[in-house]
1. Looking at this structure, is residue 335 surrounded by fewer than 15 Cβ atoms within 10 Å (Cβ to Cβ) and touching a helix residue (DSSP H, G or I) at 6+ places or on another chain (Cβ under 9 Å)?
2. What tally of residues in region 141-178 results from selecting those that are assigned to a helix (DSSP H, G or I) and in contact with a helix residue (DSSP H, G or I) (Cβ under 8 Å, 6 or more places away or on another chain)?
3. Among the numbered criteria (1) surrounded by fewer than 14 Cβ atoms within 10 Å (Cβ to Cβ); (2) under 16 Å from residue 205 (Cβ atoms), which single criterion is violated by residue 368?
4. Scan region 211-261 for residues that are in a strand (DSSP E or B) and under 26 Å from residue 299 (Cα atoms) and jot them down.
5. Considering only region 297-312, state which residues are surrounded by 12 or more Cβ atoms within 10 Å (Cβ to Cβ), in a loop (DSSP other than H, G, I, E, B) and either touching a helix residue (DSSP H, G or I) at 6+ places or on another chain (Cβ under 9 Å) or modelled with pLDDT under 95 (or both).
6. If a residue has to be in a loop (DSSP other than H, G, I, E, B), touching a strand residue (DSSP E or B) at 6+ places or on another chain (Cβ under 9 Å), surrounded by fewer than 22 Cβ atoms within 10 Å (Cβ to Cβ) and at negative phi to count, how many in region 262-294 make the cut?
7. Within 15 Å of the chain's Cα centre (by Cα) and surrounded by 21 or more Cβ atoms within 10 Å (Cβ to Cβ), is that true of residue 173?
8. Which is assigned to a loop (DSSP other than H, G, I, E, B) and either farther than 14 Å from residue 261 by Cβ or out of contact with any strand residue (DSSP E or B) (no Cβ under 7 Å at 6 or more places or on another chain) (or both), of 138, 133?
């Protein structure tokens, strides 16, 4: 069966090989057409040369004209190459029930994390939004009929996003389909699986931006949480992209979990906040992040990505202008108590939950869990244990007097 799938994959891909290059790690970003910064005069930018009569011309102008023409041809070639690479074949999906251990073992052999099956492993785990170790007997998974190294072939986001054509870098996230996409000037350059927040600790829709990153972040709320390749995208609530377990459902505390390969790529690709002259971060100057929807929490198992028939189905609709999307509303309960005093518009956070409920973003029956400082809670418990151990033993009760006083009214100990 494996040989059949490989033969079928090669047969379907042969006509496309001249048109696009497949790499095991996905898009590297090496041939994205880049626009020069506004007002810059970097390499390839047109340069007017003044002559003695105030006009422009002369040999230098000819050289510049040639450079501009060469740059235009180069950019055109790059754009054409990218357009060709986006022409992925139709890939059909089938649902497979893991009826017993033998079926599970065959899946692990065929899609294992080893060199010979690495592309298949990446395709399967991305399609199912879960790590192979979380696939168990009794589960139903989706399996592609064709394995393509470039995971953009399986994207539920469009390959081109006209509304982002002027934006150098942009991250779009869908809670509903548990995945995200990275765009450069409107061209999809990365598609990845995600596991976002639970209903009580949701990853709310709206516009954010990357702030800061850390190669290995130890959670400030729970030092048992080790978070590789962290990109913070909400300064106060602590929302972040990072690597962590991927069981295939919204399970996080409002963060966006990713597979290690995707987290490492995003860590290198994204850009953080710019800073003013005093060194203070300027809000919303890092790579924009837009979360477009909510997961359907009435579903207690699986998700709609398991019901897609092919890579032509389930393509999400994106906002016409991503930068016009409203800044995300975050209920104040989702912000750690220790940082609430620093909120720039505290009232907006205090009214956010009511607003989100009125809009139907938070279901009427949903209950939000407050942000908990697990480190502080553990420290308090440890302190209480120490106090109990150090407390002196209570003296023995004195014997009762021979003649007890008359009984009075009962009293409480508290």
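The values are calculated or read from the model by the stated rules, or taken from the named source; none is laboratory data. Note that the structure is a prediction, hence the values are computed from the model and not measured. FYI the Cβ positions are ideal-geometry reconstructions off the backbone, even for glycines, and counts take in every protein chain you see.
1. Answer is no for this residue.
2. Of the residues in that region, 4 qualify.
3. (1)
4. The answer is 240, 241, 242, 243, 247, 252, 256, 257, 258.
5. 302, 308, 311
6. Pass one, region 262-294, residues in a loop (DSSP other than H, G, I, E, B): 270-274, 276-280, 282-287, 292-294.
Now narrow it down to the ones that are touching a strand residue (DSSP E or B) at 6+ places or on another chain (Cβ under 9 Å): 270, 272-274, 282-287, 292-293.
Subset that is surrounded by fewer than 22 Cβ atoms within 10 Å (Cβ to Cβ): 270, 272-274, 282-285, 292-293.
Okay, now just the ones that are also at negative phi, so 270, 272-274, 282-283, 285, 292-293.
Number satisfying all stated conditions: 9.
7. yes
8. Details: 133 fails: assigned to a loop (DSSP other than H, G, I, E, B).
None of the other options fit; the residue is 138.
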